[in-house]
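Here is the structure we will look at.
The values are calculated or read from the model by the stated rules, or taken from the named source; none is laboratory data. The structure displayed is predicted, hence computed values, not measured ones. Please note: Cβ atoms are built from the backbone with ideal geometry, for glycine as well, and neighbour counts cover all protein chains shown. Accessible surface areas use protein heavy atoms only, side chains included; no ligands, DNA or RNA. Shrake-Rupley method; radii C 1.70, N 1.55, O 1.52, S 1.80 Å.
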Amino acid sequence: MAKQSYAVIGLGRFGTSIASKLIEADQEVLGIDINEDRVEDGKLLVTHAVVLDSTEEESLKTVGIRNFDYVIVAIGNDMQASILTVLILKEMGVKQVIAKALNKRHGQVLTKVGADWVVHPERDMGERVAHHLLTPNVLNYIELSKEYNIEEIIVPKSMTRKSLRDLDLRAQYNVNVIAILSSENLIISPFPEHLIQDGDKLVVIGHRDDLNKFANIK
Ligand code: ATP
């Protein structure tokens, strides 16, 4: 991936975990926090780290915040600071502002003041845990709309050593296989002759109800 520049404001658990993933992917990351200790710890992790209060426009100017491709506002508990920061960033012309919301109301306000993407980590993770508890064979999913999902599903025992053609999942379950994860290999658009192995995971697209039925086959 081409190098992009990111600024992460707030080096708590959420901000730090975003920053480390970006650094792992060889991206440039500026860490910002009002708390000196957090910045000291962050220095080991990010490209640069500075102490500043993100609710002060002048301070943000000194680090050239406008020039970053993405600015992530990872301040949570201080809602006022998070909202004010997003407002200032958008007024300064930052193109992509991603902000963490503590609750629904906070999220709505962040959108109103211009956040381009609002994330609700606790809510989203809670939903994922519940989804996995209800359908343990589903390892991962993406909601495409209220009705359609892409899901990564453990292959039911009854389907191993059969080909996709034999299984004919489209006709039988109304779902489409878009990829197979087999040990370390990812097979995109598998051929109909492809034999399913024990332990494979299927990446399937379909209506939630159909996926649910499919994921509950033994
Ligand atoms: P997390 O849930 O991510 O672990 P936390 O519980 O440590 O975070 P939060 O209130 O969510 O605390 O704040 C995250 C970070 O944002 C903290 O390190 C805090 O010092 C920093 N922060 C708060 N206000 C500002 C501000 N105005 N400018 C810069 N950084 C700030």
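Looking at the chain, the accessible area is 59 square angstrom per residue; that uses a 1.4 Å probe and ignores ligands, DNA and RNA. The H on the amide N of residue 140, modeled in the peptide plane, is under 5 Å from the matching H of 152, each at least 5 residues off or on a different chain.
Solvent-accessible area of residue 131, all protein chains in place: 50 Å² (probe radius 1.4 Å, heavy atoms, ligands and nucleic acids excluded). Of all DSSP beta bridges confined to the chain, the antiparallel ones make up roughly 55%. From the Cα gyration tensor of the stretch 97-148, with a ≥ b ≥ c the square roots of its eigenvalues, which class applies: rounded if a/c is under 1.5, or else prolate if a/b is larger than b/c, or else oblate? Since a/c reaches 1.5 and a/b is larger than b/c, the shape of the stretch 97-148 is classed as prolate. Relative contact order, whole percent, for the stretch 83-130 stands at 38, derived from Cα pairs under 8 Å and 6 or more residues apart. Counting Lys and Arg as +1 and Asp and Glu as -1 over every other residue whose Cβ lies under 12 Å from the Cβ of residue 99, the net charge comes to +2.
Leaving out ligands, DNA and RNA, what percent of the accessible area of the stretch 55-152 is carbon and sulfur, probe 1.4 Å? Don't jump to the answer; show the numbers that get you there.
Values: 3140 of 5820 Å².
Taking all protein chains in place, the stretch 55-152 shows 54 percent carbon and sulfur surface.
Measure up 61/95; 100/146; 3/100 against 18 Å on the Cα-Cα distance and list the ones that go over. Write out the running numbers ahead of the final one.
On the way: 61/95 15 Å; 100/146 23 Å; 3/100 23 Å.
Violating the 18 Å Cα-Cα cut-off are 100/146; 3/100.
Taken over the C-alpha atoms, the stretch 76-218 has Rg and Dmax values of 20.1, 58 angstrom.
So what's the gap between the Cα centers of the stretch 109-156 and the stretch 9-55, to the nearest angstrom? The stretch 109-156 and the stretch 9-55 have Cα centres separated by 26 Å.
Determine the calculated [θ] at 222 nm for the chain from helices alone, applying -39500 (n - 2.57) to every DSSP H run no shorter than 4 residues and normalising by the residue count; nearest 500 deg cm²/dmol. List each step's numbers first, then the result.
Numbers: 9 runs with 79 residues, N = 218.
Mean residue ellipticity at 222 nm (helix-derived): -10000 deg cm²/dmol.
Quick check on the stretch 2-117: take the gyration tensor over C-alpha atoms, sort the square-rooted eigenvalues as a ≥ b ≥ c, and tell me if it's rounded (a/c under 1.5), prolate or oblate. It comes out rounded by the Cα gyration axes.
Computed with every protein chain present, the accessible area of residue 198 is close to 90 Å² [probe 1.4 Å]. Residues of the stretch 171-210 falling in the label zone of residue 127, defined by backbone nitrogen less than 15 Å from a point 7 Å along Cα to beta-carbon, are 208.
Sorting 209, 33 by accessible area (1.4 Å probe), largest first, what list results?
Numbers: 209 90, 33 20 Å².
Most to least solvent-accessible, the answer reads 209, 33.
Derived value for the stretch 151-205: Kirkwood hydrodynamic radius 10.9 Å. Basis is the mean of 1/r over every pair of different alpha-carbon atoms. What are the GluC sites (Glu not before Pro) within the stretch 107-184 that DSSP puts in a loop, where the Cβ has at most 14 other Cβ atoms within 10 Å? Hits after loop and neighbour filter: 147, 184.
For residue 40 and residue 157, the FRET efficiency from 1/(1 + (r/R0)^6), where r spans their Cβ atoms and R0 equals 41 Å, is about 0.20. Here the contact order of the chain, divided by its residue count and restricted to Cα pairs under 8 Å and six or more residues apart, works out to 13 percent.
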